[in-house]
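The values are calculated or read from the model by the stated rules, or taken from the named source; none is laboratory data. A quick note: this is a predicted structure, and the numbers were derived from the prediction, not measured. Note that we place each Cβ from the backbone using ideal geometry, even for glycine, and neighbour counts take in every protein chain shown.
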């Protein structure tokens, strides 16, 4: 594959819907995306979904929002969108796979009764630790990890931007870890 540079004329024609430029865009970046994903994604269908979603989002951004002002940065923009879409779709797939496995699993008769008691004890400790946290931290951790809400839903519920949500979750997890460790140390 031969790498290419892009100019303002190319970007303008892409914005205007020139079919020749659109075909080139889809072919060129579609191939790059598939090359990028071949080691990170386990199924061909998921690779194709990521490729299509990335190309659609980039075209929408170029046409509607004019987010790409410098044509020389088009490749980097496509790569960034691809990374974001891949993480989003892979996370969604893993979440659904885990949910399906949870419904299909039956209690394992080989599991020791002590294991079940230990699991229950840990669950109670986690609930007690959550109860010690401030309301915002407790509700945030429940929404993200127990209710498994989407980032968009959590952002709406808490009235924060996605970038700041990561900061809040990081801080809440750190406070939980600190409280859990303190409880474990006090119980000895």
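Structure notes:
Each row is one residue, and each column tells you yes or no for (1) closer than 21 Å to residue 85 by Cβ; (2) assigned to a helix (DSSP H, G or I); (3) at pLDDT 90 or above.
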| residue | (1), (2), (3) |
| --- | --- |
| 2 | no, no, no |
| 25 | yes, yes, yes |
| 36 | yes, yes, no |
| 47 | yes, yes, no |
| 50 | yes, yes, yes |
| 54 | yes, yes, yes |
| 57 | yes, yes, yes |
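- Checklist (1) surrounded by 14 or more Cβ atoms within 10 Å (Cβ to Cβ); (2) without any contact (Cβ under 8 Å) to a residue 24 or more places away in the chain; (3) more than 27 Å from residue 162 (Cβ to Cβ) applied to residue 22, failing item: (2)
- Sole residue being under 19 Å from the mean Cα position of the chain (by Cα) and in contact (Cβ under 8 Å) with a residue 24 or more places away in the chain, chosen from 160, 154, 169: 169
- Remark: pairs (first residue in the stretch 70-89, in contact (Cβ under 8 Å) with a residue 24 or more places away in the chain and assigned by TED's automatic domain parsing to the domain that holds residue 49; second residue surrounded by fewer than 14 Cβ atoms within 10 Å (Cβ to Cβ) and part of a helix (DSSP H, G or I); Cβ separation under 6 Å; 6+ apart in sequence or on different chains) = 71/8.
- Among the criteria (1) in contact with a helix residue (DSSP H, G or I) (Cβ under 9 Å, 6 or more places away or on another chain); (2) over 23 Å from residue 180 (Cα atoms); (3) loosely packed, with under 11 Cβ neighbours inside 10 Å, the one residue 151 does not fulfil is (3).
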